[in-house]
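What follows is a single structure, written as structure tokens, with notes after it.
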Amino acid sequence: MIHIPRGTQDILPEETSKWRYIEAKLHKLMEVYNYQEIRTPIFESTDLFARGVGDSTDVVQKEMYTFKDKGDRSITLRPEGTAAVVRSYIENKMQGLPNQPVKLYYNGPMFRYERKQKGRYRQFNQFGVEAIGAENPSMDAEVLAMVMHIYQSFGLKKLKLVINSVGDAESRVDYQNALREHFQPVIHNYCKDCQQRIKTNPMRILDCKVDRHQPEIKTAPSITDFLNDYSKAYFEAVKSHLDRLGIPYEVDPNLVRGLDYYTHTAFELMMDNEAYDGAITTLCGGGRYNGLLELLDGPSETGIGFALSIERLLLALEEEGIEFPQTEHIDLFVATMGEKADDFAVTLLNQLRHAGVSVDKDYLSRKLKGQMKQADRLNSTYTIVIGDQELEAGEVAVKHMATGETQTMKFEEIESYIHGGKE
Ligand code: HAM
């Protein structure tokens with residue numbers, strides 16, 4: 001037997017109905033916030049992520065699905081959405097669009113070769129937004145408010161928003177030097193990657209999965225002490241907006257995030273539940289990226305965004321015991337008695353389906369009792385039973401399953417009765 005690849009999952013019909021419920025809600029919220037959907041390819045040039053996400057990140061160094069295509073080009077299955085959306089923004093010259101800032105959202109599979117764990121997959125589905133073209137604390141506040149709104153709209157309560165400022169490029173030069181000084185005397189105790197990172201990008205030592213319990217990580221200098229005046233004022237303004245909006249948050253000076261493009265505001269939304277055993281508790285992450293467009297040869301516009309995975313949102317919903325509304329149902333189940341009635345049902349189903357009625361019948365020669373059970377399983381709103389008598393009279397009793405009420409009518413009247421009942 002051939003098995004599903006490690007770190008992937010089949011989303012079976014019972015689950016896809018939950019996915020569609022979640023996605024429909026997300027699309028609706030995006031309308032409310034005036035964001036428009038963008039769909040970019042699932043694979044891109046490897047260079048895009050190497051430059052955009054950063055050569056020294058775990059994502060680029062260890063987790064990318066990279067291969068040569070038949071034209072000998074290096075291709076990578078997208079590990080995240082931001083670099084791809086920014087590439088598309090630049091390529092399609094969106095800075096020239098009349099509506100600025102450009103507010104985009106996306107929803108689709110991402111790929112990272114990571115260790116499998118509850119809430120961590122090799123193919124996972126990110127829903128994310130990118131707002132490009134406004135360097136304004138109120139833009140950051142909008143994105144943060146949207147993150148909270150999304151999770152709260154599903155009824156989730158145990159949430160913790162953690163924010164930080166990682167400053168601008170200028171603030172970071174001094175910070176990187178301070179980190180080098182701090183780690184240099186002990187770097188021989190650290191993993192091979194960190195010994196490299198101290199040269200290329202010492203901030204990455206702070207989120208190393210191997211060395212995270214080393215004592216110097218806790219005592220490392222904090223970016224907060226290196227923020228220049230502009231960065232400090234920007235962060236204060238973002239926090240004031242959050243205070244005004246009544247959005248609770250925690251500032252964690254050690255939150256640096258695992259991707260290189262972040263500047264100023266960086267954030268994660270965590271599941272606030274210590275009892276949640278061992279599973280990943282970060283539901284969503286994002287931040288501002290002021291240098292990314294220029295790094296990818298684009299205009300000097302800036303952006304901010306976030307991404308969440310639907311898989312982790314589902315875990316959080318399960319964890320808080322939030323039920324999904326029962327949405328799967330059909331309008332009508334047609335039970336039959338005898339061959340003639342069954343032949344007639346085939347035509348009736350066809351007519352009703354073309355009129356937009358969701359309808360099903362038995363295909364396994366079940367007895368009437370079995371057919372009624374099937375109607376129940378399909379959560380059918382109405383049922384009819386067709387036998388010789390109904391065929392002769394051209395009339396049938398339409399039964400409303402929940403109330404037990406029946407109403408007799410001509411076959412031709414069923415469609416308008418059901419559609420009328422819906423209103
Ligand atoms: P990220 O923190 O790498 O950021 O991922 C964002 C979210 O994607 C995580 O918080 C988590 O919900 C989900 N996620 C990541 N890896 C996995 C995995 N292996 N399995 C399941 N879920 C996962 C980004 O990707 C940035 N592009 C976010 C962003 C947008 N920043 C600015 N704009």
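Some observations on this one:
- For the residues 123, 152, 351, a GNM of the chain with alpha-carbon springs under 10 Å puts the largest fluctuation on 351.
- A viscosity of 0.692 mPa s and a temperature of 37 °C, combined with the Kirkwood radius over C-alpha pairs in the Stokes-Einstein formula, give segment 330-421 a diffusion coefficient of 254 µm²/s.
- Were the residues from residue 153 through residue 12 laid out at 0.36 nm apart, the gain over their Cα-Cα distance would be 48.3 nm.
- Over all distinct Cα-Cα pairs of segment 254-363, the Kirkwood formula returns a hydrodynamic radius of 19.4 Å.
- Fraction of accessible area attributable to carbon and sulfur, segment 330-421 (%, probe 1.4 Å): 48 percent
- Residue order for 300, 222, 358 - accessible surface, 1.4 angstrom probe, largest first: 300, 358, 222
- Accessible area of segment 192-291 divided out per residue, in Å², using a probe of 1.4 angstrom: 48 Å²
- One equal scatterer on each Cα of segment 52-198, no solvent, Debye formula: the resulting log10 I(q)/I(0) at q = 0.12, 0.14, 0.22 Å⁻¹ is -0.80, -1.07, -1.39.
- Fraction of C-alpha pairs exceeding 22 angstrom in segment 5-119: 48 percent, rounded to a whole number.
- The chain: most fluctuating residue of 119, 298, 338 per GNM, C-alpha cutoff 10 Å: 338
- Inter-label distance, nm, simple model (7 Å from Cα along the C-beta direction), residue 177/residue 209: 3.4 nm
- Residue 354 versus residue 369: modelled label distance in nm, points set 7 Å from Cα along the beta carbon direction: 3.8 nm
- Computed over segment 330-421: relative contact order in percent, which uses C-alpha pairs under 8 Å that are six or more apart: 32 percent
- Pair-distance profile P(r), taking every C-alpha pair of segment 289-350, with 5 angstrom steps and integer %: 4, 11, 10, 8, 6, 7, 7, 9, 11, 8, 4, 5, 5, 4, 2
- FRET efficiency, 1/(1 + (r/R0)^6) with R0 41 Å, evaluated for residue 410 and residue 42 via beta carbons: 0.20
- Surface exposure of segment 330-421, expressed per residue as accessible area with a 1.4 Å probe, stands at 58 Å².
- Residues in segment 41-58 carry Karplus couplings, in order, of x, 6, 10, 9, 4, 4, 3, 4, 7, 4, 7, x, 6, x, 4, 8, 7, 4 Hz; the curve used is 6.51 cos²θ - 1.76 cosθ + 1.60 with θ = phi - 60°, and Gly or Pro positions show x.
- Heavy-atom SASA rank of 226, 267, 111, 67 (probe 1.4 Å, accessible area, largest first): 67, 226, 111, 267
- In degrees, nearest ten, helix 169-183 long axis to first principal axis of the chain (Cα): 70 degrees
- Computed log₁₀ I(q)/I(0) - Debye formula, equal Cα scatterers, no solvent, the chain, q 0.11, 0.14 Å⁻¹: -0.89, -1.25
- Label-to-label distance, residue 216 versus residue 160, with points set 7 angstrom from Cα along the beta-carbon direction: 2.8 nm.
- The HN-Hα couplings worked out from phi for segment 84-94 by the Karplus form 6.51 cos²θ - 1.76 cosθ + 1.60 (θ = phi - 60°) are 5, 5, 5, 4, 5, 4, 5, 5, 9, 6, 5 Hz, whole numbers, x standing for Gly and Pro.
- Compared with the dominant Cα axis of the chain, that is its longest principal axis, helix 229-245 is turned about 30°.
- With every protein chain in place and a 1.4 angstrom probe, the accessible-area ranking of 142, 405, 413, 63, largest first, reads 405, 413, 142, 63.
- Calculated mean residue ellipticity at 222 nm for the chain: -11500 deg cm²/dmol, from DSSP H runs with n ≥ 4 weighted as -39500 (n - 2.57), summed, divided by the residue count and rounded to 500.
- Highest-fluctuation residue, 364, 295, 283 considered, GNM on the chain with Cα pairs under 10 Å: 364
- In plain terms, if you count all Cα to Cα distances in segment 130-277 and split them into 5 Å steps from zero, the share in each step is 2, 9, 17, 19, 17, 14, 12, 7, 2, 0 percent.
The values are calculated or read from the model by the stated rules, or taken from the named source; none is laboratory data. Values in this document were obtained by computation on a predicted structure and should not be read as measured data. So basically every Cβ, Gly included, is an ideal-geometry build from the backbone, and we count neighbours across all protein chains shown. Side chains included, ligands, DNA and RNA excluded: accessible areas come from the protein's heavy atoms. Shrake-Rupley method; radii C 1.70, N 1.55, O 1.52, S 1.80 Å.
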